[in-house]
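Colleague: Below is a structure I'd like to ask you about.
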Amino acid sequence: MKVDILTLFPNMFFSPFQESILGKAIQKGLIEIRITNIRDFSLDKHQVVDDTPYGGGQGMVMKVEPISRAIEWARSEDSSAWTIYLTPQGRPFDQEKARDLSSRSHLIVLCGRYEGVDERVREMFIDEEISIGDYVLTGGELAAMVMIDAVSRLLPGVLGSDQSAEDDSFTNALLEYPQYTRPFDFMGRCVPEVLLSGNHAAISLWRRKEALRRTSVRRPDLLAKAKLTRKDEELLEGIRQGGDGI
Ligand code: 4GX
């Protein structure tokens, strides 16, 4: 997958994309990320990229011309490119959207600053507006990193064979069960005995029950959407009856 990032702050991206899993995926050529400074596309002698809003009001608006040139350049000779603008006004990003985007061969991601971009950028050059959540960031850069990280790990070969992209929360609609590693006893708090039993059926059942318990307590909205088996319903009934506490 090719990813073009258009930003006024290119340096923000360097370390996050060089580390760990994403860094290796880039080295292996599974993802090709190109970071471009929108300022390079200003023809103005002072390389101006923003201006005051028509109608007045506080702050600055990103000008249409440099952005349009940057997008046209990134898109050149690739009609399949999909152009995204990150904004709190976009459609909420989720795992399904990550999966959908992971099937595209070329993403162009526009990061806005200040009071956002001139409306004509959105109308003329943007295919999709996405929000990573209902809060306000200082710019679209961190949102772009979040989105690209979630999309990248779904690409074939990016995760190691011992890590599965599909085996996680949201893919199966439940939160994950608790994990433990050594030591067995930490300040008197011990690992649940079943995990040491070697009884794989019992372990699977315990994990499913804990996933259901967590989801019902923390995210009842997810539980309502989940496809539950009759056994799941039984486990939930057991959880509601208590005895082993919530
Ligand atoms: N999920 N931001 C965009 C500039 C801006 C301001 C006003 C449009 C209107 C965000 C988010 C986010 C901060 C990116 C403001 N654009 N992006 N930026 N939440 O908060 O994606």
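The values are calculated or read from the model by the stated rules, or taken from the named source; none is laboratory data. Every value quoted in this text rests on a predicted model; they were computed, and no experiment measured them. For neighbour counting, all protein chains shown are included, and Cβ atoms are generated from backbone atoms with ideal geometry for every residue, glycine included.
Colleague: Here are some conditions: (1) under 17 Å from S152 (Cβ atoms); (2) at pLDDT 95 or above; (3) touching a strand residue (DSSP E or B) at 6+ places or on another chain (Cβ under 9 Å). F14 meets all but one. Which one does it not meet?
Modeller: Of the numbered conditions (1) under 17 Å from S152 (Cβ atoms); (2) at pLDDT 95 or above; (3) touching a strand residue (DSSP E or B) at 6+ places or on another chain (Cβ under 9 Å), the odd one out for F14 is (2).
Colleague: A follow-up question, please. Find the residue count for region 105-128, including only residues that are more than 7 Å from the ligand (Cβ to nearest atom) and surrounded by fewer than 16 Cβ atoms within 10 Å (Cβ to Cβ).
Modeller: 7
Colleague: Which one of I33, I67 is among the hydrophobic types (A, V, I, L, M, F, W, C), under 15 Å from R120 (Cα atoms) and in contact (Cβ under 8 Å) with a residue 60 or more places away in the chain?
Modeller: After ruling out the rest, the residue left standing is I67.
Colleague: Does region 47-62 include one or more residues that are among the aliphatic types (A, V, I, L, M) and surrounded by fewer than 19 Cβ atoms within 10 Å (Cβ to Cβ)? Give the steps one after another, and end with the answer.
Modeller: Applying the first criterion (among the aliphatic types (A, V, I, L, M)) to region 47-62 yields 48-49, 60-62.
With surrounded by fewer than 19 Cβ atoms within 10 Å (Cβ to Cβ) added as a condition, the list becomes 48, 60.
Yes, region 47-62 contains a residue that is among the aliphatic types (A, V, I, L, M) and surrounded by fewer than 19 Cβ atoms within 10 Å (Cβ to Cβ).
Colleague: Are any residues in region 132-160 within 6 Å of the ligand (Cβ to nearest atom) and surrounded by fewer than 19 Cβ atoms within 10 Å (Cβ to Cβ), and if so, which ones? Break it down stepwise before answering.
Modeller: Restricting attention to region 132-160, the residues satisfying the condition of being within 6 Å of the ligand (Cβ to nearest atom) are 132-133, 135-137, 139-140, 143.
Those that are within 6 Å of the ligand (Cβ to nearest atom) and surrounded by fewer than 19 Cβ atoms within 10 Å (Cβ to Cβ): G133, Y135, V136, L137, G139.
Colleague: Can you find, within region 82-104, the residue that is surrounded by the fewest Cβ atoms within 10 Å (Cβ to Cβ) among those that are near the ligand (Cβ under 8 Å from one of its atoms) and closer than 15 Å to T7 by Cβ? Steps first, please.
Modeller: Of the residues in region 82-104, the ones near the ligand (Cβ under 8 Å from one of its atoms) are 85-90, 93.
Restricting the remaining residues to those that are closer than 15 Å to T7 by Cβ gives 85-87.
Details: Y85: 25, L86: 25, T87: 20.
Within region 82-104, the match that is surrounded by the fewest Cβ atoms within 10 Å (Cβ to Cβ) is T87.
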